[in-house]
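The values are calculated or read from the model by the stated rules, or taken from the named source; none is laboratory data. Since the model is a prediction, treat every value here as computed from it, not as a measurement. Positions of Cβ are generated from backbone atoms using ideal geometry, with glycine treated the same way; all protein chains shown enter the neighbour counts.
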Amino acid sequence: MISQDQILAALKEVKYPGFNRDIVSFGLVKDAHAHGVDIHVRLAVTTSDRTIPVALQETATARLRAIPGAGRVKVEVEVQAAPGAAASVTGPQEIEGVRNVIAVASGKGGVGKSTVAANLAIALRRAGSRVGLCDCDLYGPSIALMFGANERPTADDENRIIPIERYGVRLMSMGFLLEDDSPAVLRGPMVTRYTQQFLRQVAWGSLDYLILDLPPGTGDIQLTIVQTVALRGAVIVTTPQEVALIDARKAARMFAKTNVPVLGLVENMSYFQCPSDGVRYDLFGSGGGAREARRLGVPLLGEIPIEPPLREGADLGRPVAEFAPESTAGMAFAALAGALKKQCD
Ligand SMILES: Nc1ncnc2c1ncn2[C@@H]1O[C@H](COP(=O)(O)OP(=O)(O)OP(=O)(O)O)[C@@H](O)[C@H]1O
Ligand SMILES: [Mg+2]
């Protein structure tokens, strides 16, 4: 006899291709039972990548066969809806009123996603677009701090959260809603639910760009977003270091697997230009971003220098794109906004 617990334990070992998340916690298992020693499992996925159902079927079958005493194993994979199919109910959906939803992502943590997302949002707004910025990092929200915003948002008549506006950008962050470090306790399915509510229940109004600041890596939050929100594309942030580039490649692979176009790479902390003698120092190596962009076949959208005022501005809620647009970093963000606009048009 095989128990259902044994089956689920085996399926928990199966990760969704390109992600860290297992298929059980993501709710892809629709049915799992045994008749004596024979096992029958039904999975449902949302994808138009035909390799995914095949890969899931193969790995799940192998894991189930490895259960001691297992008899016949049957794994069915239902493909529910293709992303991009307008009529699909379960696939990625547009956010009403928003023309381009853009995810700012990275494989490695601390490479400057939030800094890039914040300053890019401001640079786009300064170039005449209507812009929103959503901090999707439930574990470590930082956008509230970077914009010096700490008021609590209110709700409209339809009970949607009204974003906080700063420097002309409409902002939403878990940091506005939580008192302390409580998001750290969120797990699996709860993260999925929060992320969805969070994106859907905000009265963004009409926007040209909604920038999503993602947490690092390829976890629950990223998976929820690529599966539920119709993204115009992703911008991947990296530093020129090899360790960051390897992770950038992983992030790019995750988006490719979920049919989200990678609009380009941004190399942050590209170089340091000494203010006294103007000499340029490539602290983390040089050319890494350009090389990786070529390898991935995507444009290098920008190179942002290391500038102490950039960090200070972030900590004080005074982003350089707003307060020092003529600085090297400020101009780099303006150029990045221009390059991204071109990619979207
Ligand atoms: N180009 C830069 N010059 C100087 N400081 C920078 C630069 N880019 C980022 N920083 C600083 O580095 C730190 C990390 O940046 P940030 O929080 O934007 O990274 P992140 O990728 O969003 O991190 P996480 O993965 O934790 O979300 C911050 O203190 C930020 O101010
Ligand atoms: Mg961040």
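What the table below lists for this structure:
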{"quantity": "Given (1) more than 25 Å from the chain's Cα centre (by Cα); (2) within 16 Å of ligand 2 (Cβ to nearest atom), number of the condition residue 115 does not satisfy", "calculated": "(1)"}
{"quantity": "Yes/no for residue 148 being in the same structural domain as residue 35 (by TED's automatic domain parsing) and part of a loop (DSSP other than H, G, I, E, B)", "calculated": "no"}
{"quantity": "Residue within region 37-47 that is assigned to a helix (DSSP H, G or I) and modelled with pLDDT of 90 or more present", "calculated": "no"}
{"quantity": "Pick from region 254-305, criterion within 16 Å of ligand 2 (Cβ to nearest atom) and among the hydrophobic types (A, V, I, L, M, F, W, C), ranking: nearest to residue 330 (Cα to Cα)", "calculated": "304"}
{"quantity": "Condition broken by residue 126, with the remaining ones in (1) touching a residue at least 60 places away in the same chain (Cβ under 8 Å); (2) in contact with a Pro (Cβ under 9 Å, 6 or more places away or on another chain); (3) more than 17 Å from residue 222 (Cβ to Cβ); (4) crowded, with 20+ Cβ neighbours inside 10 Å satisfied", "calculated": "(4)"}
{"quantity": "Matching residues in region 129-146 - criterion: being surrounded by fewer than 24 Cβ atoms within 10 Å (Cβ to Cβ) and within 13 Å of ligand 2 (Cβ to nearest atom)", "calculated": "137, 138, 139, 140, 141, 142, 144, 145"}
{"quantity": "Cβ pairs under 7 Å, 6+ apart, first in region 97-115 and touching a residue at least 12 places away in the same chain (Cβ under 8 Å), second within 12 Å of ligand 2 (Cβ to nearest atom) and charged (D, E, K, R)", "calculated": "104/113; 104/213; 105/113; 106/113; 113/213; 114/213"}
{"quantity": "Test: residue 251 is within 16 Å of ligand 2 (Cβ to nearest atom), crowded, with 19+ Cβ neighbours inside 10 Å, assigned to a strand (DSSP E or B) and of a type in the set (Gly, Ala, Ser)", "calculated": "no"}
{"quantity": "Residue that is more than 27 Å from residue 79 (Cα to Cα), assigned by TED's automatic domain parsing to the domain that holds residue 126 and at pLDDT 90 or above, where the choices are 235, 260", "calculated": "235"}
{"quantity": "Any hit, region 56-75, residues being within 20 Å of residue 206 (Cα to Cα), modelled with pLDDT of 95 or more, more than 16 Å from ligand 2 (Cβ to nearest atom) and in contact with a Leu (Cβ under 8 Å, 6 or more places away or on another chain)", "calculated": "no"}
{"quantity": "Subset of region 53-69 [crowded, with 18+ Cβ neighbours inside 10 Å and not in a helix (DSSP H, G or I)]", "calculated": "67"}
{"quantity": "Residue match in region 290-306 (condition: within 21 Å of residue 145 (Cβ to Cβ) and in the same structural domain as residue 114 (by TED's automatic domain parsing))", "calculated": "yes"}
{"quantity": "Among the candidates 97, 110, residue that is modelled with pLDDT under 95, within 16 Å of ligand 1 (Cβ to nearest atom) and of a type in the set (Gly, Ala, Ser)", "calculated": "110"}
{"quantity": "Residue in region 33-45 that is surrounded by fewer than 17 Cβ atoms within 10 Å (Cβ to Cβ), outside the structural domain of residue 190 (by TED's automatic domain parsing), at positive phi and not basic (Lys, Arg) present", "calculated": "yes"}
